[in-house]
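Notes to accompany the following structure.
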Amino acid sequence: MQEFDKPCLFTYNDLASLELTEDRTVKNQWEPAYRVARGWLQASDELMLREVITAGDSHMEGGLDFHGWGVAPSQAFLKVVGDCLSDRLLRVNKTAMKVWHEATQKPFSPREIPLTRVQQMSVERALDFCQKLGFQIRGAYPIKFVESLGEGGLGLAKDETIFIAEAVLNMGGTKQLASTLIEEYIHLRHGWKDMTRELQNFLFDKLVSVGEELVGEPL
């Protein structure tokens, strides 16, 4: 029996053999989640797939990695992901999106929005601020402002492009905009994913460097 760190939407019963340690725990901790993800990749129940593809961070399924396992997705999986992507109010698992794009060869194209004069001013201020911090975002990658990136989605780094949701512009000021631009820029520039040790170390090192500049001398 495997206990996950977060509650599951469903109960899973995998009858295949699984290598254990001497104390009867799973030897490879990544394997149970891999088996669950592989099972959903080949699933045919569209209603259940929709729940899994749009699962939030509070459930185990919300953190499943569907990409890179060498398993061909079912037609039902591809259909559900495509349907969910067309619904701008839904949050879709990013690795499921990647599987869908590679399998269908369809480009990622959320609906872009025109910026008002005030919004454009906020963008320029945010980019100026990022540059002062040492992030040369302006001109490094295309930046597209889109209607939505799904529930809770503020930014996305994909296809060598930074996508920013309209919701960021409506939060007021440039602070959220600047932080979203920096985050997605780092994803593209270095390839680091959210909540990784590499990203954490980089941000703390950058914070210390900014502090040195403010103090006027190195540590």
inquiry  = Just the residues that are closer than 18 Å to Ile164 by Cβ and either assigned to a loop (DSSP other than H, G, I, E, B) or of a type in the set (D, E, K, R) (or both), please, taken from segment 84-96.
reply    = Arg88, Leu89, Arg91, Val92, Lys94
query = Quick one: how many residues across segment 43-85 are of a type in the set (S, T, N, Q) and at pLDDT below 95?
reply = 2
inquiry  = Out of everything in segment 6-29 that is modelled with pLDDT under 70 and among the hydroxyl-bearing types (Ser, Thr, Tyr), what residue ends up being surrounded by the fewest Cβ atoms within 10 Å (Cβ to Cβ)?
reply    = Ser17
query = When both residues are 6+ apart or on different chains and their Cβ atoms are under 7 Å apart, which pairs have a first residue that lies in segment 75-94 and is within 16 Å of Ser109 (Cβ to Cβ), and a second that is hydrophobic (A, V, I, L, M, F, W, C) and not in a helix (DSSP H, G or I)?
reply = Val81/Val92; Cys84/Leu90; Cys84/Val92; Leu85/Val92
remark   = Note: among Val81, Val118, Val123, Val99, just one is more than 17 Å from the chain's Cα centre (by Cα), assigned to a helix (DSSP H, G or I) and surrounded by 16 or more Cβ atoms within 10 Å (Cβ to Cβ), namely Val123
query = Do we find that Leu177 is surrounded by 14 or more Cβ atoms within 10 Å (Cβ to Cβ), within 14 Å of the chain's Cα centre (by Cα) and not acidic (Asp, Glu) in this structure?
reply = no
task = Identify all residues within segment 46-72 that are among the aliphatic types (A, V, I, L, M), in a helix (DSSP H, G or I) and over 14 Å from Trp100 (Cα atoms); write none if there are none.
result = Leu47, Met48, Val52, Met60
request  = Filter the helices (runs of 4 or more DSSP H) completely within segment 160-219 down to those with at least 1 residues that are among the basic types (Lys, Arg).
outcome  = 175-190, 197-215
task = Just give me the residues in segment 80-134 being touching a Leu at 6+ places or on another chain (Cβ under 7 Å) and either at positive phi or of a type in the set (Phe, Trp, Tyr) (or both), in sequence order.
result = Trp100
Hey, Arg138 among the basic types (Lys, Arg) and either buried (at least 17 other Cβ atoms within 10 Å of the Cβ) or part of a helix (DSSP H, G or I) (or both) or not = no
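The values are calculated or read from the model by the stated rules, or taken from the named source; none is laboratory data. Here the structure is a predicted model, which is why all the values come from computation and not from measurement. No Cβ is skipped: glycine too gets one built from the backbone with ideal geometry, and neighbour counts run over all protein chains shown.
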